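Undergrad: The structure follows.
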Amino acid sequence: MNYFVFKLLQDDGRLFRGIIMRPHGNIASARVYLEQRYDMPVLSLWRMPLFLKEMYVFFTRMFRKPVKTADVSEFLRNLSVMLRSGIPVMEALNDAADDSKGSPLQSVTEDIYLGIESGMSLSMGMARHPDIFPNTVLFLARIGETSGCLDRTLMDAAKHLERLRNMQRDTKRALIYPVFVFTTIFFAAAFWMVYVVPGMADLFHSMSATLPPLTLTLIWLSEFLQENLFMIMVVLVCFILFIIYQIRNHYKSRLVFQRILMRIPVSKGLIESSSQAYLSEYLSLLIASGIDILSSLEILEGAMSNEVYKLKVAAMRNGVIKGHSLERTFRNANIFPKFVIRMIAVGEQSGTLTEQLDYIATEYRLRLEHTIQSLAETLKPAVIIVAGILFGVIIAGLFLPVYQLIGQVGTLR
């Protein structure tokens, strides 16, 4: 792809500058394109050299706003509708680029358009943007191009992305409440320890009160926080950043972290439900689209974000390579309960595997929704209990000496 820097003269005498992409490096062709598109005289036009083009593409993608899954889904849906109505791919992409003006998806759409103009297929153009179009969408596009049903496979891809987005949205929604509450509790407790407890401690010392062990512990902790608050915050932030870096960049750290999460009752249920829903959703869509089981499992292995389940899918793929049935590989992987494995076995024997997988995917989407709702309701009382215990300890430690002082005053009278 070639990039041209241009300068045009507008009717009011002002200059209009910009950068365009063209499949060919011919300056005369780019000049004709600009004159036809903007209907303005071209004052200057030059093609970026290779090193400058690479830098421009790198920084453009780095600082480009992230493309939302909802926008990608809408793009695929609109493209499918236009193709179904008989509009050629080039015209459909041109209209899609005009509709997405001002959004991060506009440059992506224009790049795909120019790729097709230079002889690429739609799936090849999408493959140039793996951060936007997942492997599932690419395989569906290739199947549609091969079978002549591109409009149907693009619609399937759009619906698939919408379902995945809903799963992710519901999962994040379930975690918002506990994260918000625990963050609030943390800052409230820090405020009490740094600002309230020191004032109460000065009062107790001035009255020469005998302090119970709980109050002494709170005062010691408050003094420690006051003296080392900045260092504690620096260490805490560095530790969190280090953990995030390790999880993102080191496979073993990520695997250990996810295994720990799968041992915690609350996170275990959420991870299992979401992974089962994702796995059944992907597998149902891929096999229903005509992709063989081995290729489907290979795509699924790359699509799974959970390393524990990724290992299980890899084991399933190796089982299929060895000639094992899908029912046996599912049983050995220990991902789904026995009734699901029984349904897969029936589907393999009766030739209705696609229908069985579709039913399983629907069932586990509903289960994920139920798990998220149950999780939100379960966490609310747990959060309240934790907050009550924490502030109960603080209040008890501060007011217990007050009651002792009142008792001493009453005794003196």
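Coordinate-derived values only; no laboratory data. The structure presented is a predicted model; accordingly, all values stated were derived computationally and were not measured. All Cβ positions, glycine included, derive from the backbone under ideal geometry; neighbour counts span all protein chains shown.
Undergrad: If you average over every viewing direction, what projected area does the convex hull of the Cα atoms of segment 165-299 give, in nm²?
TA: It is 12.2 nm².
Undergrad: Do you know the Lys pair count in the chain for C-alpha distances under 17 Å, with sequence separation 8 or more or different chains?
TA: Within the chain, the lysine pair count is 12.
Undergrad: Points 7 angstrom from Cα along the Cβ direction at Ala315 and Trp46: gap in nanometres?
TA: About 6.1 nm separates the two model spin labels.
Undergrad: Hey, with R₀ at 30 Å, roughly what FRET efficiency would Val234 and Ala382 work out to, going by the Cβ-Cβ distance, to 0.05? Kindly include the intermediate steps, with their values, before the conclusion.
TA: Details: r = 31 Å, r/R0 = 1.02.
Calculated value: 0.45.
Undergrad: Moving on to the next point. To the nearest whole percent, what portion of all C-alpha pairs in segment 157-208 is separated by more than 12 angstrom? The partial results should precede the final answer.
TA: Details: 986 of 1326 pairs.
Here the tail beyond 12 Å accounts for 74 percent of pairs.
Undergrad: Stick to Cα atoms and the Kirkwood definition of Rh, then tell me Rg/Rh for segment 110-183.
TA: Working: Rg = 17.1 Å, Rh = 14.2 Å.
The Rg/Rh ratio comes out at 1.20.
Undergrad: Taking the number of other C-beta atoms within 10 Å as the exposure measure, put Asp170, Asp156 in order starting with the fewest.
TA: Details: Asp170 18, Asp156 21.
Result, fewest neighbours first: Asp170, Asp156.
Undergrad: Helix-only mean residue ellipticity at 222 nm, the chain, DSSP H runs n ≥ 4 weighted -39,500 (n - 2.57), per residue, nearest 500. What is it? If you can, show how the numbers build up before the last one.
TA: Numbers: 17 runs with 316 residues, N = 413.
It comes out at -26000 deg cm²/dmol, rounded to the nearest 500.
Undergrad: Looking at (i) 1.14; (ii) 1.24; (iii) 1.01, which value of Rg/Rh (Cα atoms, Kirkwood Rh) comes from a calculation on the structure shown?
TA: (i)
Undergrad: Separate question: Taking the chain as a Gaussian network, Cα atoms linked when under 10 Å apart, which of Ile335, Ile132, Ile260 shows the biggest mean-square fluctuation?
TA: Comparing Ile335, Ile132, Ile260 in a Gaussian network model of the chain, the most mobile one is Ile260.
Undergrad: What order do you get for Lys159, Lys252 when you list them from fewest to most C-beta neighbours inside 10 Å?
TA: Working: Lys159 15, Lys252 9.
Ranking Lys159, Lys252 by Cβ neighbours within 10 Å, fewest first, gives Lys252, Lys159.
Undergrad: Tell me, what is the percent relative contact order of segment 69-133, built from C-alpha pairs under 8 Å that lie six or more residues apart?
TA: On the way: 42 pairs, mean separation 16.7, N = 65.
Relative contact order of segment 69-133: 26 percent.
Undergrad: Could you compute the FRET efficiency for Asp11 and Asn94, with r as their C-beta to C-beta distance and R0 at 25 Å, rounded to 0.05? Working shown, then result.
TA: On the way: r = 25 Å, r/R0 = 0.98.
Rounded to the nearest 0.05, the efficiency is 0.55.
Undergrad: Over the chain, calculate the relative contact order: mean separation of alpha carbon pairs under 8 Å at least 6 apart, over the residue count, as a percent.
TA: Working: 388 pairs, mean separation 54.7, N = 413.
13 percent.
Undergrad: Also, quick follow-up: Filter the chain for me: DSSP H helices, axial length by Cα at least 27 angstrom, mean Kyte-Doolittle hydropathy not below -0.5. List them by residue number.
TA: Values: long enough: 150-191 (59 Å, 0.11); 213-249 (45 Å, 1.51); 265-288 (34 Å, 0.50); 353-412 (86 Å, 0.87).
Qualifying helices: 150-191, 213-249, 265-288, 353-412.
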